[in-house]
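Heads up: the structure comes next, in structure tokens.
The values are calculated or read from the model by the stated rules, or taken from the named source; none is laboratory data. All of these numbers come straight from a predicted model, not from anything done at the bench. Here the Cβ is made from the backbone with ideal geometry for all residues, glycine too, and neighbour counts use every protein chain on show. The accessibility values were calculated without ligands, DNA or RNA, using every heavy atom of the protein model including side chains. Shrake-Rupley method; radii C 1.70, N 1.55, O 1.52, S 1.80 Å.
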Amino acid sequence: QVQLVESGGGLVQPGGSLRLSCAASGSIFSINFMGWYRQAPGKQRELVAGITSGGGTKYEDSVKGRFTISRDNAKNTVYLQMNSLKPEDTAVYYCQATVRSTDSGPFRVYWGQGTQVTVSS
């Protein structure tokens, strides 16, 4: 089994910054894609940012230039630096990782428990 533990959420004023972290642990041979999703009340979960094992990144249009995703492969950890936060960024943020537990096994998708980010004055 694989566990993803997120941290770093909280309440911040508009224009402020937060840094989310997500550490994967358990039966891990390799991790391919890691990503951050968010879900606001009444809305569907959406991909905010993703990063491959080789460092390739992609971002949702509304966060480009404000959010930066990075990862530390040695620590099996992914980060999301969020700057210039806006009230519309308010949501529960979820970490996702695509993990292979053995060298010949399939990749499986795992999710963290979610961390609340609230942007409000």
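Restricting attention to region 36-51, does a residue exist that is in contact with a Cys (Cβ under 9 Å, 6 or more places away or on another chain) and at pLDDT 95 or above?
So far as region 36-51 goes, yes, one or more of its residues are in contact with a Cys (Cβ under 9 Å, 6 or more places away or on another chain) and at pLDDT 95 or above.
Given the structure, is residue 3 modelled with pLDDT of 95 or more, assigned to a strand (DSSP E or B), open to solvent by 60 Å² or more (accessible area, probe 1.4 Å) and polar (S, T, N, Q)?
The answer is yes for residue 3.
Specify the residue that is surrounded by the fewest Cβ atoms within 10 Å (Cβ to Cβ); the eligible residues are those in region 65-78 that are of a type outside the set (Lys, Arg) and farther than 12 Å from residue 48 by Cα.
Checked region 65-78; the qualifying residue surrounded by the fewest Cβ atoms within 10 Å (Cβ to Cβ) is 74.
Looking for whichever is closer than 12 Å to residue 91 by Cα, over 14 Å from the mean Cα position of the chain (by Cα) and open to solvent by 40 Å² or more (accessible area, probe 1.4 Å) here; the options are 42, 10, 15. Which one fits?
Matching residue, one of 42, 10, 15: 42.
Out of everything in region 44-78 that is free of Cβ contacts under 8 Å to residues at least 12 places away in the same chain and among the basic types (Lys, Arg), what residue ends up being nearest to residue 25 (Cα to Cα)?
The extreme case among them is 58.
Going by what's in this entry, would residue 69 be described as farther than 15 Å from residue 110 by Cα and either in a helix (DSSP H, G or I) or in contact with a Ser or Thr (Cβ under 9 Å, 6 or more places away or on another chain) (or both)?
Judged against the criteria, residue 69 is a match.
Counting just the residues of region 79-101 that are small (Gly, Ala, Ser) and not in a loop (DSSP other than H, G, I, E, B), which one comes out surrounded by the most Cβ atoms within 10 Å (Cβ to Cβ)?
Filtering region 79-101 for residues that are small (Gly, Ala, Ser) and not in a loop (DSSP other than H, G, I, E, B), the one surrounded by the most Cβ atoms within 10 Å (Cβ to Cβ) comes out as 97.
Could you check region 48-66 and list, in sequence order, the residues that are hydrophobic (A, V, I, L, M, F, W, C) and either part of a helix (DSSP H, G or I) or over 12 Å from the mean Cα position of the chain (by Cα) (or both)?
63
Please work out which residue is nearest to the chain's Cα centre (by Cα), limiting yourself to region 103-113 and to residues that are open to solvent by 70 Å² or more (accessible area, probe 1.4 Å) and either hydroxyl-bearing (Ser, Thr, Tyr) or farther than 21 Å from residue 53 by Cβ (or both).
Only one residue fits best here, namely 113.
Write out, first by first residue and then by second, each pair whose Cβ atoms fall under 8 Å of each other, whose residues are 6+ apart or on separate chains, and whose first residue, in region 97-108, is over 10 Å from residue 32 (Cα atoms) and at pLDDT below 95 while the second is open to solvent by 90 Å² or more (accessible area, probe 1.4 Å) and in a strand (DSSP E or B).
What qualifies is 101/108.
Within region 45-58, which residues are farther than 21 Å from residue 3 by Cβ, open to solvent by 60 Å² or more (accessible area, probe 1.4 Å) and in contact with a strand residue (DSSP E or B) (Cβ under 9 Å, 6 or more places away or on another chain)?
46, 57, 58
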